[in-house]
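Have a look at the structure below, then the notes.
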Amino acid sequence: MLAAPLAGRRVGAEGLSALGGASSMDTNLFLISRYGGPNAGGLALATGLIFTILASLLLPALLALR
């Protein structure tokens, strides 16, 4: 969160969404929207949703292999 202003200039909206991971769609949405550019909010919502769904599917599957 502290590095969002600097990282936003270097990595853009895609990089900020990737850095935020699943929290891109809630906790970090404001920062990504502010420092990532005009289309960063929608991208952050989509990225966060995809990561959340993948985590809820993959973690139980990986734990079942144990």
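Against the criterion of being under 24 Å from residue 59 (Cα atoms), buried (at least 18 other Cβ atoms within 10 Å of the Cβ) and not hydroxyl-bearing (Ser, Thr, Tyr), residue 40 does not qualify. Of all the listed residues (21, 42), the sole one being at positive phi, part of a helix (DSSP H, G or I) and of a type outside the set (Phe, Trp, Tyr) is 21. Scanning region 24-39 for residues that are closer than 17 Å to residue 3 by Cα and assigned to a helix (DSSP H, G or I) turns up 24, 29, 30, 31, 32, 33, 34, 35, 36. When restricted to residues that are surrounded by 13 or more Cβ atoms within 10 Å (Cβ to Cβ) and not in a helix (DSSP H, G or I), region 45-65 contains 0. With respect to the conditions (1) at pLDDT 90 or above; (2) surrounded by 12 or more Cβ atoms within 10 Å (Cβ to Cβ), residue 7 lacks only one, and its number is (1).
The values are calculated or read from the model by the stated rules, or taken from the named source; none is laboratory data. Here the structure is a predicted model, which means the values were calculated and not measured. Positions of Cβ are generated from backbone atoms using ideal geometry, with glycine treated the same way; all protein chains shown enter the neighbour counts.
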